[in-house]
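Below you'll find the structure, written out as structure tokens, and then a few comments.
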Amino acid sequence: MAPKYWRKPLDLDRIRVPRGHIVILKERCKGCQFCIAFCPQGVLKVSDEFNSKGYHPPAVVDERNCVACGLCGLLCPEFAIYHLEEQMEVGGE
Ligand code: SF4
Ligand code: SF4
């Protein structure tokens, strides 16, 4: 559910929102779900699959929502997830 009050920057139309590609190293994951719980964009969910240690690694719900904030990688205690920021072409002004 969307928050009731939400403040948007006044210059939002001039801001380029970064996008990220998520890399998950499934065998390192211990299933703590920190990355899932704290992703501000709801990009991740618990997957149905098991790794060899018997944990459920995260899965990407919709990568288009990733804003490349890097929080998932910062919080992961096993260094099992990180993002690659999408490179966009810079247009001339
Ligand atoms: S980089 Fe940020 S927005 Fe993207 S999946 Fe990780 S926590 Fe979510
Ligand atoms: S924070 Fe790391 S160890 Fe925890 S579920 Fe996410 S990828 Fe796995």
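Please treat every number below as a calculation from the coordinates, not as lab data. Computed from a predicted model, the values in this text were never measured in an experiment. Virtual Cβ from ideal backbone geometry, glycine too; neighbours counted across all protein chains shown.
What the Cβ-Cβ distance of ASP62 and LEU84 gives, at R0 = 22 Å and to the nearest 0.05, is a FRET efficiency of 0.85. Under 5 Å between amide hydrogens, built in the peptide plane, is the criterion, and for ILE81 it picks out LEU25 among residues at least 5 positions away or on other chains.
With only Lys, Arg, Asp and Glu charged, each at its Cβ (+1 for the first two, -1 for the last two), find how big the charge dipole of the chain is about the Cα centre; round to the nearest 20 debye.
Values: 12 positive and 12 negative charges, 83 e Å.
So the dipole magnitude of the chain works out to roughly 400 debye.
Check the cysteines of the chain one by one and keep only those with no other cysteine Cβ under 4.7 Å from their own. Here CYS29, CYS32, CYS39, CYS66, CYS69, CYS76 come out as lacking a disulfide-compatible partner, given the Cβ-Cβ threshold of under 4.7 Å. Ellipticity at 222 nm from helices only: DSSP H runs of n ≥ 4 in the chain, each -39500 (n - 2.57), divided by the residue count, give -2000 deg cm²/dmol. In order along segment 36-53, the phi-based Karplus estimate (6.51 cos²θ - 1.76 cosθ + 1.60, θ = phi - 60°) of 3J(HN,Hα) comes to 6, 5, 9, 4, x, 10, x, 6, 10, 9, 6, 7, 7, 7, 10, 8, 5, 8 Hz; Gly and Pro are listed as x.
Taking the number of Cβ atoms within 10 Å of each Cβ as an exposure proxy, the fewest-first ranking of SER52, SER47 is SER52, SER47. For segment 9-20, backbone phi angles converted through the Karplus equation (6.51, -1.76, 1.60; θ = phi - 60°) give residue-by-residue couplings of x, 5, 9, 4, 5, 9, 9, 8, 7, x, 10, x Hz, Gly and Pro being listed as x. Taking label points 7 Å from Cα along the Cα-to-Cβ direction, ILE15 and CYS69 give a separation of 1.1 nm.
Are there any chymotrypsin sites (Phe, Trp or Tyr not before Pro) in segment 28-93 that are in a DSSP loop and have at most 11 other Cβ atoms within 10 Å? List them by number. Please list the in-between numbers first.
Working: sites: PHE34, PHE38, PHE50, TYR55, PHE79, TYR82; in loops: PHE50, TYR55, PHE79.
Of the chymotrypsin sites (Phe, Trp or Tyr not before Pro), the ones in loops of segment 28-93 whose Cβ has at most 11 other Cβ atoms within 10 Å are PHE79.
Residues whose amide H falls under 5 Å from that of LEU44, counting only those 5 or more places apart or on a different chain, are VAL61, with hydrogens built in the peptide plane. Proximity of backbone amide H atoms, modeled 1.01 Å from N, is registered between CYS66 and GLY20 at under 5 Å, excluding neighbours fewer than 5 places apart on the same chain.
What does the C-alpha gyration tensor say about the overall shape of the chain? Classify as rounded when a/c is under 1.5, otherwise prolate if a/b is larger than b/c, or oblate.
On the way: a/c = 2.86, a/b = 1.74, b/c = 1.64.
Prolate, because a/c is 1.5 or more and a/b exceeds b/c.
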